[in-house]
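Q: Before I ask anything, here is the structure I am working with.
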Number of protein chains: 2
Amino acid sequence: MPAIAEQHDWIDRFEGLSRLEPRIRDVLTARSQVIRVPANTVIFGPGKSPDNMLLLLDGTVRVQQLAESGREVVLYRVTAGESCVLTTACMLAYEDYAAEGVAETDITAAAIPRAVFDDLVSTSKEFRNFVFRAYSRRITDLFHVIEDIAFRRMDIRLAQKIIERADTGVLKATHAQLAAELGTAREVISRQLAEFQRRGWIAQGRGTVEILDCDGLRKLAET
Amino acid sequence: MPAIAEQHDWIDRFEGLSRLEPRIRDVLTARSQVIRVPANTVIFGPGKSPDNMLLLLDGTVRVQQLAESGREVVLYRVTAGESCVLTTACMLAYEDYAAEGVAETDITAAAIPRAVFDDLVSTSKEFRNFVFRAYSRRITDLFHVIEDIAFRRMDIRLAQKIIERADTGVLKATHAQLAAELGTAREVISRQLAEFQRRGWIAQGRGTVEILDCDGLRKLAET
DNA sequence: GCCAATCAGTGACCTAGTCACACAAGGCGG
DNA sequence: CCGCCTTGTGTGACTAGGTCACTGATTGGC
């Protein structure tokens, strides 16, 4: 059986939980459970609300909005060290969401049952802060999405997305995936990428975009 | 001095607070304050976070997103009997919002200081539910905005908006205001309204839209 | 009655999304 | 290794929506 300190270990991966009251740390570790979920699992979605709040330990969860037309937009990603507060919102769901959360990689997460969540919110000021800050962050993310979609040009948004998601200089994604990411149509992406290529900023392969001139992209993205 | 029952009165205007624990009702009334704010006051916005959570007793608050370009979108409205949870989010602000809340009419609201809010969340399960439900509702609203902007046609959105906001059959709003409402440009509204008029669905005046054929509009809106 | 501010209409032009394709690259069973 | 199927990409024609630069109309204030 692992020592208490070891059990507590994962909590420290959450910035917002570092100052959690010791007593609360015990409750959190004792009454939550570390779970593993394979990539591409739908964690929550229309008609599928989970009964646990998830604190992501490893991997990323993509939260996206689906339209009846089949088009999509990515709203935000939950990365390791963050909580999926919308899960909480789903648990208390006022109405069914049109959004879904998908495991983008294999993930491990601490699952906090609803009752425990309620208990923690009630008894720990630090946990309350953590939860409200997480909400705040997500709402800010949504505001950015709205601003982007409503007011920014596609070429700029695409350039940003490429920079943001191509850590190694090569982005593995099809045009269709990038379109879903930005809430537009595949053809639009194809045309924009063709233009980027013509300008020598990128090279394309089947399912990949390679950055050749990051500065070129960045200059556009910062417009 | 008003009787306790009378002091509690406003609480009952909030559906979500009807089952509040009696002890909590007392705290809420004793430690919150009813305030009045004239129309067009900016309640919160970039660089202006309030230190109270507001429960709206009368009037409406319009929450809108501003772009540097000067364009706007209305995100949602808070009406009497609802709480302005984003106010809370602002209080704990993770980051400055690009959104602002404006009193659309003269309003009266119960202001709950931050400390009291925290206290209530901690001690009352009913109040917690109320708060989380309010968050959930707002997030749902934001999802709808995203869906609308990203995937729906302007003519449909405009028709819906007209129906939604013209209770008496006459809508008092300039083209520019409708454009800000939907996050588009004034010219687009002008052209769409001209088309609606041509079809005999509406009549226009300076700053007004009169519905002539609600069924016509509705048929479009339900597409 | 005049002026300035506000509101609405319009054409030209550009960006974005839709539709209907053609075509190319890999994957795989035979 | 070949044909075939799936998936990914390219393209032209067209519609919808957004921008720009105007004009003209209405109205409230002096």
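A quick yes/no check of all residues on (1) part of a loop (DSSP other than H, G, I, E, B); (2) surrounded by 19 or more Cβ atoms within 10 Å (Cβ to Cβ); (3) of a type in the set (D, E, K, R):
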| site | (1), (2), (3) |
| --- | --- |
| B:Ala39 | yes, no, no |
| B:Pro50 | yes, no, no |
| B:Leu56 | no, yes, no |
| B:Val102 | no, no, no |
| B:Phe127 | no, yes, no |
| B:Phe132 | no, yes, no |
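Q: Same structure again: Only one residue in B:Thr140, B:Thr223 is within 12 Å of chain A (Cβ to nearest Cβ), more than 10 Å from DNA strand C (Cβ to nearest atom) and without any contact (Cβ under 8 Å) to a residue 12 or more places away in the chain. Which one?
A: Working: B:Thr223 fails: without any contact (Cβ under 8 Å) to a residue 12 or more places away in the chain.
Going through B:Thr140, B:Thr223 in turn, the sole match is B:Thr140.
Q: Filtering region A:148-177 down to residues that are away from DNA strand C (no atom under 14 Å from the Cβ) and open to solvent by less than 50 Å² (accessible area, probe 1.4 Å), which residue is farthest from the chain's Cα centre (by Cα)?
A: The qualifying residue farthest from the chain's Cα centre (by Cα) is A:Gly169.
Q: Considering only region A:21-37, state which residues are surrounded by fewer than 18 Cβ atoms within 10 Å (Cβ to Cβ) and either in contact with a strand residue (DSSP E or B) (Cβ under 8 Å, 6 or more places away or on another chain) or outside the structural domain of A:Phe130 (by TED's automatic domain parsing) (or both).
A: Within region A:21-37, A:Arg31, A:Gln33, A:Val34, A:Ile35, A:Arg36 qualify.
Q: Follow-up question, since we're still on this one. Condition first: among the acidic types (Asp, Glu) and near DNA strand D (Cβ under 10 Å from one of its atoms). Now tell me which residues in region A:167-194 satisfy that.
A: A:Glu187
Q: Give the residue, chosen from B:Val61, B:Val102, B:Val85, B:Val74, that is within 9 Å of chain A (Cβ to nearest Cβ) and either modelled with pLDDT of 90 or more or under 12 Å from the mean Cα position of the chain (by Cα) (or both).
A: None of the others qualify; the one that does is B:Val85.
Q: Being assigned to a helix (DSSP H, G or I) and among the acidic types (Asp, Glu) is the filter; apply it to region B:105-125 and report the residue that is nearest to the other protein chains (Cβ to nearest Cβ).
A: B:Asp118
Q: Do we have any residue at all in region A:214-222 that's within 12 Å of DNA strand D (Cβ to nearest atom), of a type outside the set (D, E, K, R) and not in a loop (DSSP other than H, G, I, E, B)? Steps first, answer last, please.
A: Let us first name the residues in region A:214-222 that are within 12 Å of DNA strand D (Cβ to nearest atom), namely none.
No: zero hits.
Q: Please verify whether region B:149-157 includes one or more residues that are touching a helix residue (DSSP H, G or I) at 6+ places or on another chain (Cβ under 9 Å), farther than 27 Å from B:Thr41 by Cα and more than 14 Å from DNA strand D (Cβ to nearest atom).
A: no
Q: Starting from region A:48-77, keep only residues that are more than 25 Å from B:Ile149 (Cβ to Cβ), then list their pairs with residues that are surrounded by fewer than 17 Cβ atoms within 10 Å (Cβ to Cβ) and among the aromatic types (Phe, Trp, Tyr) whose Cβ atoms are within a distance under 7 Å, requiring at least 6 positions of separation or different chains.
A: Filtered contacts from region A:48-77: no entries.
Q: Sticking with this one: Please go through region B:144-160 and pick out each residue that is within 12 Å of chain A (Cβ to nearest Cβ) and acidic (Asp, Glu).
A: B:Glu147, B:Asp148
Q: If I ask for residues that are touching a strand residue (DSSP E or B) at 6+ places or on another chain (Cβ under 7 Å), within 11 Å of DNA strand C (Cβ to nearest atom) and more than 14 Å from chain B (Cβ to nearest Cβ), which ones from region A:178-220 would you list?
A: Within region A:178-220, A:Gly207, A:Thr208 qualify.
Q: I'd like to check something: does region A:195-207 contain any residue that is open to solvent by 40 Å² or more (accessible area, probe 1.4 Å) and under 25 Å from the mean Cα position of the chain (by Cα)?
A: Taking region A:195-207 and keeping what is open to solvent by 40 Å² or more (accessible area, probe 1.4 Å), we get A:195, A:197-199, A:204, A:206.
From the residues that got through so far, the ones that are under 25 Å from the mean Cα position of the chain (by Cα) too are none.
No: region A:195-207 contains no residue that is open to solvent by 40 Å² or more (accessible area, probe 1.4 Å) and under 25 Å from the mean Cα position of the chain (by Cα).
Q: Please work out if B:Ala180 is in contact with a Lys or Arg (Cβ under 7 Å, 6 or more places away or on another chain) and open to solvent by 20 Å² or more (accessible area, probe 1.4 Å).
A: So B:Ala180 does not fit the description; no.
The values are calculated or read from the model by the stated rules, or taken from the named source; none is laboratory data. Small disclaimer: the values here were computed from a predicted structure and weren't measured. Positions of Cβ are backbone-derived with ideal geometry, glycine not excepted, and every protein chain shown enters the neighbour counts. The protein model used for the area step is the full one, side chains on, heavy atoms only, and it has no ligands, DNA or RNA in it. Shrake-Rupley method; radii C 1.70, N 1.55, O 1.52, S 1.80 Å.
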